[in-house]
Each structure stands twice: as structure tokens, then as C-alpha cells.
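Below is one structure, written out as C-alpha cells; comments come after it.
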Amino acid sequence: MSSIRILPDRVANQIAAGEVIERPAAVVKELVENSIDSGATRIEIEFRKGGKSYIRVEDNGRGMSPDEALLALERHATSKIQDAEDLNLISSFGFRGEALPSIASVSRFTMRTRTEDFQHGTEVVINGGKLLDKKDCGMPVGTVIEVSQLFNSVPARRKFLKTDATETAHITYLCRLFAIANPGVAFRLLENRRTVFQSPACEKLEDRISEIWGRSLARDLIPVSVDGPDGKYRLTGLTAKPGVGRSTRRELVTLVNRRPVDSRTLGFAVLDAYHGRIQKGRYPPAFLFLEIQPQEVDVNVHPAKREVRFRNDGDVRRFVLGAISETLAELREPPPAPAEASDPTPAKQAPSPSAQPADQAKPRPAIRPAATTATEKVKAGSTTVADHRPKPESAPATPTRRSDWQLIRLLKNRYALFNGPKGLVLLHLRHADQRVRFERIQKTFKQNNPPSQGLLIPEPLELEPMATATLQQHLELLNKQGFNIEAFGRNFYRIEAVPTWLDPSEAVAFIRDTIDELRQRGSSRNNDELIWQTVATLAAEGSYRKNDAINEYAAQQLADELFQCDIPHTSPAGKPTFREMTWADFERHFEH
């Protein structure tokens, strides 16, 4: 066994880099945090090949003197804390003094910096932890750091990096978070010398979100501003209107003292506040700033400072839950119907449901039939009641019966009771609808040219970079299955057509959910199989629910279509679609 010895500083820095610098986005995070701490009002970030080959962060902050520039590259050199007690009062972002030496140990590192007290700047060049050069240079006040050939001295770690598109998406998302967290700082992000986004300093958070995340999202948010007792807590920001939800947590952003963090305490508090206000299984988009006394929160529990720990978790949770609940309760605008919890992007064919009176809120026609009688609908000249199933243009007023069941009545908007040839049949409407939709989609995906319907007005679709990368990866296959989605600028698309089984008003929400599902499932399986299973599963999840309204005509038609399925007895999840009690069963029951 070898003897114990002290590691060289270079090796220690590379080990520290393994904890702090996981990927190129982590480099950007550490450098931007230092820029913010330096008082910068303008920050420019540039990168190439997902940050693997080149990263540059430039700011107009205070800068460093020549001596400070060298000292900053020593381990645990920091101006933020002096003793252990200061850890309880941290108000800065970077404070450990590990970032710069860790980054410099696994890359070719160049730093140029200047303070107002000096007429010239200082340039320091390091490669793989070795100092190559230090000299004077001309530059304005501020700091410029360039990182190239990341992980050149540790090639094993470089193998764990993802594709350029994935690493680019991580950097872009991170920079968006910093821009949201610091609306008073002007941000510019460039990829391969092309601007990804640019935002001047904004007085209002709404303006920054509109510029960075898109106007459609900003329109569906409401302001939050609640002070806690004794000034201990304060919650500000923007949160979703009732009924607005997304399929992932990606747009549920929480910040503690302006630091973007992952916090189960905050996340669950927000979700609890929306219980009953959005569809189950969906997440409200929100950008929430919690201000708390520094000694009440520990930001030093994770090497990359992604997580925080509160001294009084219960108090924080109750405050955030109460603040969001109070804000939503005070909202005078009538919320959309519960079924409206698909996507916040408003459809162009009709006004947004949140802008309509409650009794005129538009239902989800692709999934939930409206509460209108068959007689009224036939008089209006339609063959079905807002039914999502495609029909011939001149269908008869009464359906061609394919099953031998005769509808007796609907029960609790959840079941349909039928008179069958052998006895009474109880049909579970949701399970039956799931089976019908699932098999219809499955069959269309096996066709070379599945039926499609063009949109009179194309639906705009704005995505964040990671979603764009996923959509681009599967775009050709989706377009072969009845969709027509075309690129319309960077991170922008237009939905020109959708399959006949999908209502056009659901197109944007459905594509967003499909992208989220594809990202979560990965692409290890065959792409064709992955696509159709994802789409079919989402369609089944969005099928009829017990709080929806359905009429007798649609229920009878659902039963007829169920018996055209290959597996009519169960839903795609294996749950029974109907239960039959024969006349013989009744007779045996009454004989005992």
C-alpha cells in the first residue's frame, strides 16, 4: 500500500473541477456569477460547439488589479468571506474561491481584467493549470475570461459530455435563468458569433420574461407580491393564471435571494397552491423570487450551489403556499374551465378562454364533448356533439349501429348504462375513449400517408433551445405522421397541419407535451416506435374525464367505435372498459 502524501495543487484543482465543473454550462454559471458579484450592468456570453471548444464571458464590472488577478487563481482565494461566521450571511453568488483555479486546471484559460485605478489591464494565460504568461494589456474597466479546449487535460471527462445541441441547450437555459434573476443587467448571448438572445436592462420582470421566454408565456402570468410576518420573508414575481399548466417543471423557476435554485420545499408549495386550479399531473409556469434573511438559508450544501436548505422548512413552505393561494384567490378574472389546463399559448381561431365570460369559456373539443343535447346539435346542422372523431362531411343524423348495445342513460358523467343482448352493460367512458383514441393513432402511424387536416391559420410555436433540439431530432418522423411543422426562424416553428384525430386548437399544447415526453423517454429505442407510443399515450391521457359533459349521441357512438378496436375489453393501461351483468346473473341473484 502506497504511503499517504499531499496532492499537488494542480491535481487538487482538477479534482475540485470534477465537483464544480460538470459541463460547459457550469463554466458559464461560475463566470456569470462572478460578473454579477463584480457589479456588472452588462454581461456578454459567447460560446462555440456547445461550449466544448470556446467560452467567453465579458462584463463591465469592477475588475481586478494585477496582484488580485493572480491571487484569484489560487485555491480558496475570495473577497466574499473572511471567517466561518460569514457563511451565515452570504449575499453574493460565488464565494468559495474554487471556480477560477478549477476551470483553469482543465482548459486553456485566458483572463484580461482592469480596475479604474489602473491605466492598463492585466492578461493572464494558463493551460491545464500551468501559468504560461502574465502581461499588461489595453482594455476598458471590467473583466474578460476566455475558456477554450475544455477538459483538454482530462480527456476521460470529455467523453461524458453530450452532443453539441444538448450542451448548447443547457447553456442557453442557464443564461435565461440569470437574465430573469437579474432584470437590471443587460444580457447578450452568442453562439458561433450569432446572437441567440439579447435583452437590455428591464425595469419590469414582465418585459424580461417576454423578451427571453416569449410573449405568449408572459400573457398568461399574474404578478405576486406578498410580505411575510415581521418582514422575515417576501415573495415577488409572476405566476400562472388558474388553468394554465405545462407537462414539465421546466418553467417553474424559483429563486432565493436572486439565486436560481432547485428546492423541493418551494416547488411543492407552489404545486399545492394550484391544487384544483390546474389539471392533475401538470405544472404551473412561474418565476418566483423569495427574499429571506441570509442566516435563514444555507446555500453551501451543494458543490455547484444548485440546492439550498432552509432553517425552517415548514415556515417557508406555509408562507409560499399562502402567498400563492392568496394571489390566486384575489384574481378577479374568471378562470378557464378545468379542462383548459393544456397549454398557455392562445389559439388564433378564437379568443383566449381566460378573456371570455365563464359561461362562454371554450371547451377542449379535441377531447371533451360539450354539454349539448343531440337534438339541439342535429337542429344546428351537425352530426355530433363537439365530438373529436373525424366524420364524413355528410354523415347521417343517426349513427350506423355497430354494437348490439342500446343506451339506457348516462350515469354521473362517468358511466353509460346499456341494454345488451345478454343483459345490462356498464361502460366506463374514459377507459373506452382511451382505447378508441389509442388504436386510431396506432393505425394511422402504420400508414404511409396518414390523413391530415391543414390549418386555415398556422399556429405559431416558440420553443426554448432544448425543446428545439428534441423537436428537430424527430421533426421528419412527426411530419410523416400527419403533422406539418415548419421551421420559421431560430427556435420558432409554424404548425401548418395536424392529423385528423387531433383538434387544431390542441395542436400547440400537444406538440409541447410530445416534446417533453420524448425528452424524458430518451431515444434508445427505435424512433418510429418511440414517436407513436409517445403520441398515443398523450392522446389517451387527454381523453374524456368524469367532470366533462357528454350527451347520449356521443356515448352511443363511443360504444359503437369501441367494438371496432382490436382489443375492446381494456384501456391501453389494461383497465377494463366495460362490465356486463347477464340476465342469468340477475336471476341467480334474486333466487337466493
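Any read-out appearing in this document is the output of simple, stated calculations on the displayed coordinates, not a laboratory observation. As the structure is a prediction and not an experimental result, all values here were calculated from the model. Glycine also receives a Cβ, built like all others from the backbone with ideal geometry; neighbour counts cover every protein chain displayed.
Details
- Residues whose amide H comes within less than 5 Å of that of F197, counting only those at least five positions distant or on another chain, are L189 (H built at 1.01 Å from N in the peptide plane).
- Residues whose amide H falls under 5 Å from that of F151, counting only those 5 or more places apart or on a different chain, are S107, with hydrogens built in the peptide plane.
- Stokes-Einstein translational diffusion, region 213-330 - Kirkwood Rh over all Cα pairs, 1.306 mPa s, 10 °C, in µm²/s: 110 µm²/s
- DSSP-defined antiparallel bridges as percent of all bridges, region 213-330, nearest 5: 75 percent
- Annotation: extensible slack from H120 through L426 equals 101.7 nm (criterion: 0.36 nm per residue apart, minus Cα-Cα distance).
- Placing a label point 7 Å from the Cα of E330 along the Cα-to-Cβ direction, none of the residues of region 238-282 has a backbone N under 12 Å of that point.
- In Hz, Karplus ³J(HN,Hα) per residue of region 410-418 (6.51, -1.76, 1.60; θ = phi - 60°; x = Gly, Pro): 8, 10, 6, 6, 10, 10, 10, 9, 10
- For region 287-297, Karplus couplings with θ = phi - 60° (6.51, -1.76, 1.60), whole Hz, Gly/Pro x: 10, 10, 10, 9, 9, 9, 4, x, 6, 8, 9
- Rounded FRET efficiency, nearest 0.05, which uses the C-beta distance separating A573 from N419 and R0 of 35 Å: 0.80
- Label sites at D298 and D404, each approximated as a point 7 angstrom past Cα along Cα to Cβ, lie 7.1 nm apart.
- Relative to the current alpha-carbon distance between L475 and D313, full extension at 0.36 nm per residue lengthens the span by 54.0 nm.
- Using the Karplus relation 6.51 cos²θ - 1.76 cosθ + 1.60 with θ = phi - 60°, the per-residue 3J(HN,Hα) values for region 64-72 come to 9, 6, x, 5, 5, 4, 6, 5, 5 Hz, with x marking Gly and Pro.
- Among S216, S225, the order by Cβ neighbours within 10 angstrom, fewest to most, reads S225, S216.
- Estimated at 0.36 nm per residue, the fully extended path between A201 and F160 surpasses their Cα-Cα distance by 11.1 nm.
- Cut-off under 5 Å, modelled amide H: who pairs with E98 long-range: H76
- With Rh defined as the Kirkwood radius, the inverse of the mean 1/r over Cα pairs, the Rg/Rh of region 162-277 is 0.98.
- In the structure shown, the pairs K49/K135; K29/K52; K52/K159; K443/K480; K443/K575; K49/K162 are assessed against 18 Å; a Cα-Cα span above that value is assigned to K49/K135; K443/K575.
- Cβ-Cβ FRET estimate between E587 and Q520, R0 fixed at 60 Å, reported to 0.05: 0.70
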